[in-house]
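Working notes, beginning with the structure itself.
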Amino acid sequence: MNWISYPENKPNHSQSYVISVLKRNNNKEHFFKYVAYYDVETDNWYKYDGFVENDIKELIQERVVGWVNDLPTYLG
């Protein structure tokens with residue numbers, strides 16, 4: 001899994017990606033992974049529910065610091 005820095009490098013396609021998010025809370029920084037939807041036209045990341053087809057939710061307000069393009073899906 002190779003992380004790609006954002007916003008220096010942006011995805012070329014609108015779709016879901018695994019992202020790394022920086023959230024600040026009470027002067028502490030917390031990084032976590034999340035599956036989000038990226039919209040190329042607006043250059044925005046959105047909360048996303050993969051269990052419901054095309055369920056794009058609200059805009060992510062926290063700072064997205066990276067994304068992954070080559071994470072395979074396990075088809076076991």
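The values are calculated or read from the model by the stated rules, or taken from the named source; none is laboratory data. Predicted model, so just to flag it, every value in this text is computed and none were measured. So basically every Cβ, Gly included, is an ideal-geometry build from the backbone, and we count neighbours across all protein chains shown. Note: accessible area is taken over every heavy atom of the protein model, side chains too, but ligands, DNA and RNA are not part of it. Shrake-Rupley method; radii C 1.70, N 1.55, O 1.52, S 1.80 Å.
For residues that are open to solvent by 70 Å² or more (accessible area, probe 1.4 Å) and assigned to a loop (DSSP other than H, G, I, E, B), scanning just segment 21-51, find the one that is modelled with the highest pLDDT.
E41
Restricting to segment 52-64, and then to whatever is in a loop (DSSP other than H, G, I, E, B) and acidic (D, E), can you tell me which residue is farthest from W3 (Cα to Cα)?
That would be E53.
Identify, by number, the condition in (1) surrounded by 12 or more Cβ atoms within 10 Å (Cβ to Cβ); (2) touching a strand residue (DSSP E or B) at 6+ places or on another chain (Cβ under 8 Å) that E58 doesn't meet.
Unmet condition: (1).
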